[in-house]
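Engineer: Input: one structure, supplied below.
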Amino acid sequence: MAVFKYRGIGISGMAGAVPKEVYNNYTDNPNFSLEDAKAIVDKTGIFERRIARPETCASDLAYAAATQLFSSGKFEKEHTDALIFVSQTPDYRMPATGILMQARLNLPKSCAAFDVNLGCSGFVYGLNLAYSLASQEGIRNVMLINAETRSKVYSFKDRQTGFLFGDAATAFIISKNSSLGSSVFKLDSDGEKGNYIMAKSGGYRNPSTQDSFIEKQQPDGGFHSDEQGYMDGAGVFEFVITQVPRSIKDTLALAETEREKIDYFVFHQANRFMNDHLIRKLKLEPEKVPYCLHRFGNTSSVSIPLTMVSELSDKLNQTKNLLISGFGVGLSLGSAVIPVHSPEVLPLIEI
Amino acid sequence: MDSKFLDQLTELLEMETPVKPADKFRDYENWDSLAYLSLISFVDEEYGIVIPRDDFGKMNTVQDIIDFIKNNS
């Protein structure tokens, strides 16, 4: 069982960036009638999303977020001993974007930098890695970046995915903090369901061909190509409503706490229908479950930290216990109970 | 359970006439992937059962759904 426990490690800085272009899901998708769009949008609760310009990469959003942290004067570049870049929309197939980010941010060459290829579970996995690195004696600050231009992966003509995904990035600093109590992470994988969310072509299993770029009609009437991502929404829903409540209950038990002692439950912002179902099933108080998906959509691994930056920025000045849970492409699932105490929170910026 | 379930399903699927056990629910004009998600969510909340997709794929009538819930409660 992949269970990880830490003491005296925590988030000391948080920043986020989104594209300034606002996409209105009711009116801006020319591939669907207003009536069709409304039926989907009212169910998913994603009314607006931010869409990066064609020339803007996930790393550009990440750079803007990370730069803010260093400009705040609270964090030294020289003290950044590791940089983790979590994304499935990297700049290149190689080298890893995190390494390029080390140079772009002017971080020391003694900084360990690498990428993690995970989606909706990626913040929980990345944070666990960051805590693990920060536990080492010689490591001062770990920068955890989550960055996605997910809107570029999916077809806007697809009924399952054409209204869901938005673009964003966050940069967090993780370091030692002796005033923080214990954190517990539990991570799971279900690769048997790997084909539930997938971009089939463009890798080495199915190299790109002329045909793989052709958008084909799907049984539900929508269109996507094999180069674009697709999602088996019903399969993912079934996975989430069976596995996520179990993961959360297990994590609470491993942390020797209970849901009443958790101040905020920050879930991956999948869609409103699914998240509301989780809230009811877990019998959570809705005011303890912040949302930002109505404004930013599903931003994959960025959605949990983006919710923390946009919805909890003024609520973390005293120690708060957070339960975070990310779930999706892989399929992959991670939950954690983490205390958060007065991190430096920079305002969300638009670029 | 049967009559309560039929009333709930009628409301859930926003049907103009009451749902009947022999109805082939996939033929409803309102039946689509969103209706499917609503149904799975509703059965999970009301009866604590997540109907697996493979099992659901074999169901044709409203009675099939009722039988599944009864057999798995």
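What follows is calculated from the coordinates using simple rules that are stated; it is not laboratory data. Keep in mind that this is a model prediction, so the values were computed, not measured. As a convention, Cβ positions derive from the backbone with ideal geometry for all residues, glycine included, and neighbour counts pool all protein chains shown.
Engineer: What does the charge count near A:C111 come to, summing +1 for each Lys or Arg and -1 for each Asp or Glu among other residues with Cβ under 13 Å from its Cβ?
Structural biologist: Combined, the nearby Lys, Arg, Asp and Glu give +1.
Engineer: Counting other Cβ atoms within 10 Å of each Cβ, which trypsin sites (Lys or Arg not before Pro) in chain B have at most 14 and sit in a DSSP loop?
Structural biologist: B:K58
Engineer: Can you tell me what share of the DSSP beta bridges in the protein assembly as shown is antiparallel? A percent to the nearest 5 is fine.
Structural biologist: 70 percent
Engineer: Per DSSP H run of n ≥ 4, the term is -39500 (n - 2.57); total these for chain B, divide by its residue number, and report the mean residue ellipticity at 222 nm rounded to 500 deg cm²/dmol.
Structural biologist: Rounded to the nearest 500, it is -17000 deg cm²/dmol.
Engineer: Step through the table entries A:K152/B:K58; A:K193/A:K281; A:K283/B:K4, compare each Cα-Cα distance with 28 Å, and write down the pairs that go over it.
Structural biologist: Listed pairs above 28 Å: A:K152/B:K58.
Engineer: Along the positive direction of the dipole of chain A (beta-carbon charges: Lys, Arg +1; Asp, Glu -1; about the Cα centre), which of A:F265, A:Y154, A:S178 reaches farthest?
Structural biologist: So the residue we want is A:S178.
Engineer: If the elastic network links every pair of Cα atoms under 10 Å, which of A:G233, A:G73, A:G194 fluctuates the most in the Gaussian network model of chain A?
Structural biologist: A:G73
Engineer: Arrange A:F237, B:F25 by Cβ neighbour counts within 10 Å, fewest through most, would you?
Structural biologist: Ranking A:F237, B:F25 by Cβ neighbours within 10 Å, fewest first, gives B:F25, A:F237.
Engineer: A further question on this structure: Starting from the Cα of B:K70, draw a straight line to each of the aspartates and glutamates and keep only those under 19 Å, dropping any in the same chain fewer than 8 residues away.
Structural biologist: In chain and number order, the partners are B:D2, B:D7, B:D23, B:D44, B:E45, B:E46, B:D54, B:D55.
Engineer: Tell me the mean residue ellipticity at 222 nm calculated for chain A from its helices only (DSSP H runs of n ≥ 4, each -39500 (n - 2.57), averaged over every residue, nearest 500).
Structural biologist: -8000 deg cm²/dmol
Engineer: Angle check, please: helix A:34-44 long axis (alpha carbons) against the longest principal axis of chain A (alpha carbons), in degrees 0 to 90, nearest 10.
Structural biologist: Roughly 30 degrees, rounded to the nearest 10.
Engineer: Among A:N128, A:N25, A:N195, determine the one that fluctuates most according to a GNM of chain A built with springs between C-alpha atoms less than 10 Å apart.
Structural biologist: Taking springs between Cα atoms under 10 Å, the residue moving most is A:N195.
Engineer: With angles folded into 0 to 90 degrees, how steeply does helix A:58-71 sit against the dominant principal axis of chain A? Use alpha carbons for both and round to 10.
Structural biologist: 30 degrees
Engineer: Return the single residue from A:F75, A:F172, A:F85 with maximal mean-square fluctuation; model: Gaussian network over chain A, springs between Cα atoms under 10 Å.
Structural biologist: Between A:F75, A:F172, A:F85, it is A:F75 that shows the largest mean-square fluctuation.
Engineer: Another question about this same structure. Check cross-link reach from A:K74 to the aspartates and glutamates: straight Cα distance under 19 Å, and skip same-chain residues fewer than eight apart.
Structural biologist: Cross-link targets: A:D314, A:E344.
Engineer: Sticking with this one: Using Cβ contacts closer than 10 Å as the measure, can you line up A:Y23, B:Y28, A:Y125 from fewest to most?
Structural biologist: B:Y28, A:Y23, A:Y125
Engineer: Rounded to the nearest 10 degrees, what's the angle between the helix A:233-254 long axis and the longest principal axis of chain A, both from Cα atoms, 0 to 90?
Structural biologist: Approximately 10 degrees, to the nearest ten.
Engineer: Let me ask something additional. Cross-link candidates for A:K38: which lysines have Cα within less than 19 Å, leaving aside residues fewer than 8 places away along the same chain?
Structural biologist: Reachable lysines: A:K157.
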